[in-house]
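Notes follow once the structure below has been shown.
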Amino acid sequence: MADNREFDIALFGATGFVGKLTAEYLLDAAPSGARIALAGRSLDKLTKVRADLGPKAASWDLVVADSTDQAALDALAARTKVVVTTVGPYLRYGLPLVAACAKAGTHYADLTGEPLFIREAIDTYHEEAGRTGAKIVNSCGFDSVPSDLSVYQLYRASVSDNAGELTDTTLIASLKGGVSGGTIDSGRAMMEAIAADSSKASVLSHPYSLSPDKSMEPDVGRQSDQALQRASSIDPSLDGWVSTFVMAAHNTKIVRRSNGLLGWVYGKNFRYREVISAGKSAAAPLVAAGMAGGIVATMATGALLSRVSAGRKLLDRVLPKPGTGPSEEARRSGWFSMKTYAHTTSGAKYVATFQAKGDPGYQATAVMLGESGLCLAFDTDKQPELAGILTPAAAMGDALTDRLRAAGMTIEVRRA
């Protein structure tokens, strides 16, 4: 990309809850002289956000653009090297911006946890983005950076040790944090899309639905995202129980897409899944069973209610609203720790740790998204030469890992 763009980064959705957090992060994390713009549909709200950020943001430009105005989005993409967007649900509002960035050769980072959106973006814009050199990078927050970079760094360690290819690999999540209204609204958007077209359900259920080429994927049998088992079945050193992780269905598809985009380097028998820790107490088996059953029931109820207007109105009343989020104290008290246990064809075992302080869906996500934007804008010489609809690992790999470590996150791999 020629360096003749007006901005280094344009933050689209800067007036939303996570958008404001990302703007606050960029205020301190961006290098001196970085050219940053705040974008959204209301000039008054953008002006207030910039004023609230203080004098350091006084030189930041404001760009008015609506997610439904293709001409405005085209103009925004043409002015900047990178667009960072928090405007979701992406299935409803995201594709016009992807179209604009793919056409202009503009790099892009989002927070989507919506496989249906990514599949549509791949089918419609992957080839064009490849031609123009645009890196369209999905899922640059807690969905799915810890998962994606953990497995990528496990692969890097196994190659460095000449320990063979990755085989059975399992991430165990532990965390303290809330669920955002935006995340819930994204889930609703996908349920409504499937209610309108049942053929789309396979994108959520098939483990390789985001693969660049399903025919090249390893044949390792059934890979279910449901779990209810002792942690020792994953590694003998572990106690307690694990259960179904609500984010597994999306994260696992991103990790498998990374493997495909990188040429299936993780291995011919790479098998990946994610679970969540239910603890070690006497009640842990009941907690794990409740977590697993609750996710199934919630998905079934949500899908049913999404089919009728009365059900959608009920969901509107009882669920958190998009744009809402926890207090600053709650965000700061959150944390997450992801431990990924991997085996290789030589019999070696590795453990990757990815952990940080801060509510994973808000505080930590703002860091991940902000650093993804900065990486795409300023670290192009350190990244794989890939373009198209990409994943964090395939697009930024070691460059993003290094940035997140410098930002205070722990990302390490040890041989067990």
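The values are calculated or read from the model by the stated rules, or taken from the named source; none is laboratory data. All values derive from a computational prediction rather than experimental measurement. Backbone-built Cβ (ideal geometry, glycine too); neighbour counts: all protein chains shown. With ligands, DNA and RNA removed, areas are computed over all heavy atoms of the protein, side chains included. Shrake-Rupley method; radii C 1.70, N 1.55, O 1.52, S 1.80 Å.
I'd like to know if the stretch 183-196 contains one or more residues that are among the basic types (Lys, Arg), under 30 Å from Ala78 (Cα atoms) and touching a helix residue (DSSP H, G or I) at 6+ places or on another chain (Cβ under 9 Å). It would help to see each step written out before you state the result.
Pass one, the stretch 183-196, residues among the basic types (Lys, Arg): 188.
Next, from what is left, pick out any that are under 30 Å from Ala78 (Cα atoms): none.
Scanning the stretch 183-196 turns up no residue that is among the basic types (Lys, Arg), under 30 Å from Ala78 (Cα atoms) and touching a helix residue (DSSP H, G or I) at 6+ places or on another chain (Cβ under 9 Å).
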All positions within the stretch 1-44 that are more than 26 Å from Pro360 (Cα to Cα) and open to solvent by 50 Å² or more (accessible area, probe 1.4 Å): Met1, Ala2, Asp3, Asn4, Glu6, Ser32, Gly33, Arg35, Arg41, Leu43, Asp44
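Being free of Cβ contacts under 8 Å to residues at least 12 places away in the same chain and out of contact with any Leu (no Cβ under 8 Å at 6 or more places or on another chain) is the requirement here; does Ala78 meet it? Break it down stepwise before answering.
Details: free of Cβ contacts under 8 Å to residues at least 12 places away in the same chain: no; out of contact with any Leu (no Cβ under 8 Å at 6 or more places or on another chain): yes.
No.
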Test: Gly370 is at positive phi and at pLDDT 95 or above: no
Of all residues making up the stretch 45-94, the number that are of a type outside the set (Ser, Thr, Tyr) and open to solvent by 30 Å² or more (accessible area, probe 1.4 Å): 24
Among residues of the stretch 133-187, those that are modelled with pLDDT under 95 and assigned to a helix (DSSP H, G or I), counted: 7
Single unsatisfied condition, Gly361 versus (1) modelled with pLDDT under 95; (2) surrounded by fewer than 20 Cβ atoms within 10 Å (Cβ to Cβ); (3) in contact with a helix residue (DSSP H, G or I) (Cβ under 8 Å, 6 or more places away or on another chain): (2)
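What number of residues within the stretch 195-227 satisfy the criterion of being at pLDDT below 90 and either under 21 Å from the mean Cα position of the chain (by Cα) or open to solvent by 30 Å² or more (accessible area, probe 1.4 Å) (or both)?
Taking the stretch 195-227 first, the residues at pLDDT below 90 are 195-200, 218-219, 221-227.
From what is left, the residues that are either under 21 Å from the mean Cα position of the chain (by Cα) or open to solvent by 30 Å² or more (accessible area, probe 1.4 Å) (or both) are 195-200, 219, 221-226.
Residues flagged as at pLDDT below 90 and either under 21 Å from the mean Cα position of the chain (by Cα) or open to solvent by 30 Å² or more (accessible area, probe 1.4 Å) (or both) within the stretch 195-227 amount to 13.
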